[in-house]
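Since the structure comes first, as structure tokens, the remarks are kept for the end.
The values are calculated or read from the model by the stated rules, or taken from the named source; none is laboratory data. In this text the structure is predicted, and so the values were computed from the model without any measurement. Neighbour counts are summed over all protein chains in view; Cβ atoms, including those assigned to glycine, are modelled from backbone coordinates with ideal geometry.
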Amino acid sequence: MMHLRFTMPDDYPPHLKHLAPSDADLDMVQEEATGKPVDKGTAQANVRALRARVDQLTGQHGRLLARQQQGEADLAGMVAELAEELARAHALLAGYESQLEQLN
């Protein structure tokens, strides 16, 4: 039988508590390592733990989607700036090519 030792959230110093894994995080790691769902002892405790996990994962999913959308907005802005720079470069190139043709 595999025994896992996790650093528990209460073991973290106060200034790092925000980095501590949640109970749901620890359960997911244990499930991945053992291949079995974590049994909290009673159906009520299992439901409570899984509801907390669903809430945590739902929040993480929402934050990730928001970051993705922000990234797309940032990307769109970068593409627009690049298009402007490209247009300026094309205009400069056309001017230089015109000068070059006049010299020949």
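Scan segment 39-72 for residues that are of a type in the set (Gly, Ala, Ser), surrounded by 10 or more Cβ atoms within 10 Å (Cβ to Cβ) and free of Cβ contacts under 8 Å to residues at least 12 places away in the same chain and report the count.
The total comes to 5.
Please verify whether residue 29 is among the aliphatic types (A, V, I, L, M), in a helix (DSSP H, G or I), touching a Phe, Trp or Tyr at 6+ places or on another chain (Cβ under 9 Å) and free of Cβ contacts under 8 Å to residues at least 40 places away in the same chain, treating the condition exactly as stated.
Yes: the conditions hold for residue 29.
Mind telling me which of the residues 72, 84 ends up being charged (D, E, K, R) and at pLDDT below 85?
On inspection, the qualifying residue turns out to be 72.
Output yes when any residue across segment 71-88 is within 30 Å of residue 21 (Cα to Cα), out of contact with any Gly (no Cβ under 8 Å at 6 or more places or on another chain) and of a type outside the set (Phe, Trp, Tyr), and no when none is.
yes
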